[in-house]
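Asker: The structure is given below, and queries will be raised subsequently.
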Amino acid sequence: MLEALFKSMPAATWIVDLSGRYSFVTDTYAKLVGRRADECIGRSVDEVMPPALARLYALRHKQLLENRAPKRFEQIWPVRGEPRWFEIHMNCLLDETGEPMGVAGYAQDVTQHMEQQESARRVQEGLEKRVAQRTQQLSVTNEELEAFSYSVSHDLRAPLSNIGGFLGLLQENFAEQLGPTGAEYVQQIAANAERMNGLIGDLLQLARVNQGGLLRAQVDLTQMVEEILCGLAAQDPGRHVKIVLPSPTYADCDPGLMRAALVNLLSNAWKFTGRVEHPRIQFGCFVRGSFPVYFVRDNGAGFDMKHADRMFGAFQRFHREAEFPGTGIGLATVKRVIGRHGGQVWAESAPGLGATFYFTLDTPD
């Protein structure tokens with residue numbers, strides 16, 4: 001019964017006695033060495049196995065009989081001319097007195113498993129290589145971005161400052177010679193220089209969003225929103241806007257980046273409610289599933305949602321400059337800030353019915 005049990009096992013099993021000759025083999029093992037089971041019995045390992053493998057296994061049998069510690073290893077065996085991976089287990093057989101009687105072993109084909117491991121290793125190496133390449137590319141891109149930011153800050157703003165200075169001298173010293181038409185031209189030049197200066201500032205802010213590490217902290221967004229709105233009200237003292245804020249609302253975020261995002265959202269809300277009779281701006285938070293969703297809502301001009309797919313791109317504008325001035329970069333900055341936090345941002349709006357911008361600070365599981 002025991003012999004029948006061993007022969008029924010899918011693993012290739014064998015027993016070698018103290019003289020190094022086979023006393024038992026299964027048909028599966030015999031097929032591995034290209035023989036029948038009865039041909040192996042009584043023969044030595046040297047006679048049955050290929051020479052290179054025979055020397056290796058004779059040495060391992062000897063070591064096992066000496067130290068009696070079980071052995072486990074992986075080995076390539078040629079099977080019908082094809083190399084196959086096998087997991088080998090060998091044990092020393094002992095008699096009733098504890099003396100060695102021989103060696104028992106079994107081999108299990110693990111070629112598919114080894115190929116899967118090798119395939120996974122190659123995939124992992126490929127991924128690591130691509131990550132290293134992209135990290136290098138990102139490093140180069142960041143260096144180029146820093147150089148660009150420096151160039152914009154110094155090489156572009158300096159001529160604008162000179163233009164503004166000379167325009168001031170022109171208005172101060174040659175106002176009479178300019179006349180009404182000339183003065184209007186000067187004002188148009190000054191306004192466009194100021195707009196370009198603002199555009200450069202927004203571009204710099206957009207470029208800097210991806211620079212540096214993310215320094216998260218517990219931030220009261222309600223307090224931050226209140227501070228930003230107070231600043232907007234101080235710049236526009238003639239307006240009366242109804243502000244709706246919740247109780248303290250804490251979030252785990254980078255304070256500097258989050259302030260940049262909220263400044264853009266709230267400045268838009270302030271701007272686009274400029275022609276509303278009873279302007280209203282609300283900041284709030286609600287829980288969807290298991291994660292918080294924050295929002296900024298206004299009852300201003302709104303926009304057509306058919307353009308929503310390009311809303312967060314740079315230089316995208318839904319209103320004419322004469323109606324609502326701006327550079328079209330603010331929402332691109334918002335998207336980058338939220339993206340750096342691992343969150344999402346989206347909007348709901350309709351023309352004349354205001355707009356609501358929602359954002360999360362972590363991607364939900």
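The values are calculated or read from the model by the stated rules, or taken from the named source; none is laboratory data. All values reported here derive from a predicted model rather than from experimental measurement. Here the Cβ is made from the backbone with ideal geometry for all residues, glycine too, and neighbour counts use every protein chain on show. The protein model used for the area step is the full one, side chains on, heavy atoms only, and it has no ligands, DNA or RNA in it. Shrake-Rupley method; radii C 1.70, N 1.55, O 1.52, S 1.80 Å.
Asker: List the strands (runs of 3 or more DSSP E) that sit entirely inside region 246-300 and contain at least 2 residues that are free of Cβ contacts under 8 Å to residues at least 12 places away in the same chain.
Answerer: Details: elements: 250-253, 280-288, 291-298.
Qualifying strands (runs of 3 or more DSSP E): 280-288.
Asker: Is it true that some residue in region 216-226 is assigned to a loop (DSSP other than H, G, I, E, B), open to solvent by 40 Å² or more (accessible area, probe 1.4 Å) and touching a Ser or Thr at 6+ places or on another chain (Cβ under 6 Å)? It would help to see each step written out before you state the result.
Answerer: Looking only at region 216-226, we keep the residues that are assigned to a loop (DSSP other than H, G, I, E, B), and these are 216.
Next, only the ones that are open to solvent by 40 Å² or more (accessible area, probe 1.4 Å) stay: 216.
With touching a Ser or Thr at 6+ places or on another chain (Cβ under 6 Å) added as a condition, the list becomes none.
Checking region 216-226: not a single residue is assigned to a loop (DSSP other than H, G, I, E, B), open to solvent by 40 Å² or more (accessible area, probe 1.4 Å) and touching a Ser or Thr at 6+ places or on another chain (Cβ under 6 Å).
Asker: Also, I was wondering about something else. Provide a single number: the residues in region 20-47 that are under 19 Å from His89 (Cα atoms) and either in a helix (DSSP H, G or I) or not aliphatic (A, V, I, L, M) (or both).
Answerer: Residues of region 20-47 that are under 19 Å from His89 (Cα atoms), as a first pass: 20-33, 45.
Now drop any that are not either in a helix (DSSP H, G or I) or not aliphatic (A, V, I, L, M) (or both), which leaves 20-24, 26-32, 45.
Counting residues in region 20-47 that are under 19 Å from His89 (Cα atoms) and either in a helix (DSSP H, G or I) or not aliphatic (A, V, I, L, M) (or both) gives 13.
Asker: So Ile41 fits all but one of (1) touching a Phe, Trp or Tyr at 6+ places or on another chain (Cβ under 6 Å); (2) farther than 28 Å from Gly98 by Cα; what number is the exception?
Answerer: Of everything listed in (1) touching a Phe, Trp or Tyr at 6+ places or on another chain (Cβ under 6 Å); (2) farther than 28 Å from Gly98 by Cα, Ile41 misses just condition (2).
Asker: Check Phe295 against each of (1) within 29 Å of the chain's Cα centre (by Cα); (2) open to solvent by 50 Å² or more (accessible area, probe 1.4 Å); (3) of a type in the set (A, V, I, L, M, F, W, C) and name the one condition it does not meet.
Answerer: Result: Phe295 fails condition (2) only.
Asker: Output the residue which, of all residues in region 81-116 that are part of a loop (DSSP other than H, G, I, E, B) and in contact with a strand residue (DSSP E or B) (Cβ under 6 Å, 6 or more places away or on another chain), is farthest from His61 (Cα to Cα).
Answerer: Filtering region 81-116 for residues part of a loop (DSSP other than H, G, I, E, B) gives 81, 95-99, 110.
Filter once more, keeping what is in contact with a strand residue (DSSP E or B) (Cβ under 6 Å, 6 or more places away or on another chain): 95, 110.
Values: Asp95: 17, Val110: 22 Å.
Out of the qualifying residues, it is Val110.
Asker: Quick one: is Met90 out of contact with any helix residue (DSSP H, G or I) (no Cβ under 8 Å at 6 or more places or on another chain), under 26 Å from Arg35 (Cα atoms) and either open to solvent by less than 50 Å² (accessible area, probe 1.4 Å) or at pLDDT 85 or above (or both)? Give the derivation first.
Answerer: Numbers: out of contact with any helix residue (DSSP H, G or I) (no Cβ under 8 Å at 6 or more places or on another chain): no; under 26 Å from Arg35 (Cα atoms): yes; either open to solvent by less than 50 Å² (accessible area, probe 1.4 Å) or at pLDDT 85 or above (or both): yes.
So Met90 does not fit the description; no.
Asker: On to the next question. What about Val79, is it modelled with pLDDT of 85 or more, surrounded by 13 or more Cβ atoms within 10 Å (Cβ to Cβ) and closer than 30 Å to Ser19 by Cα?
Answerer: Values: modelled with pLDDT of 85 or more: no; surrounded by 13 or more Cβ atoms within 10 Å (Cβ to Cβ): yes; closer than 30 Å to Ser19 by Cα: yes.
No, not satisfied.
Asker: Tyr57 - would you say it is over 49 Å from the mean Cα position of the chain (by Cα) and in contact (Cβ under 8 Å) with a residue 12 or more places away in the chain?
Answerer: Details: over 49 Å from the mean Cα position of the chain (by Cα): yes; in contact (Cβ under 8 Å) with a residue 12 or more places away in the chain: yes.
Criteria met by Tyr57.
Asker: Quick one: would you say Ser119 is modelled with pLDDT of 85 or more and part of a helix (DSSP H, G or I)?
Answerer: Values: modelled with pLDDT of 85 or more: yes; part of a helix (DSSP H, G or I): yes.
So Ser119 fits the description; yes.
Asker: Looking at Asp155, Asp109 in this structure, which one is open to solvent by less than 100 Å² (accessible area, probe 1.4 Å) and at pLDDT 80 or above?
Answerer: Exactly one of Asp155, Asp109 is open to solvent by less than 100 Å² (accessible area, probe 1.4 Å) and at pLDDT 80 or above, namely Asp109.
Asker: Return the pair list, or none, for Cβ contacts closer than 9 Å from residues in region 349-365 that are closer than 29 Å to Val276 by Cα and at pLDDT 85 or above to residues that are of a type in the set (S, T, N, Q) and surrounded by fewer than 14 Cβ atoms within 10 Å (Cβ to Cβ), at least 6 apart or on different chains.
Answerer: Pairs found: none.
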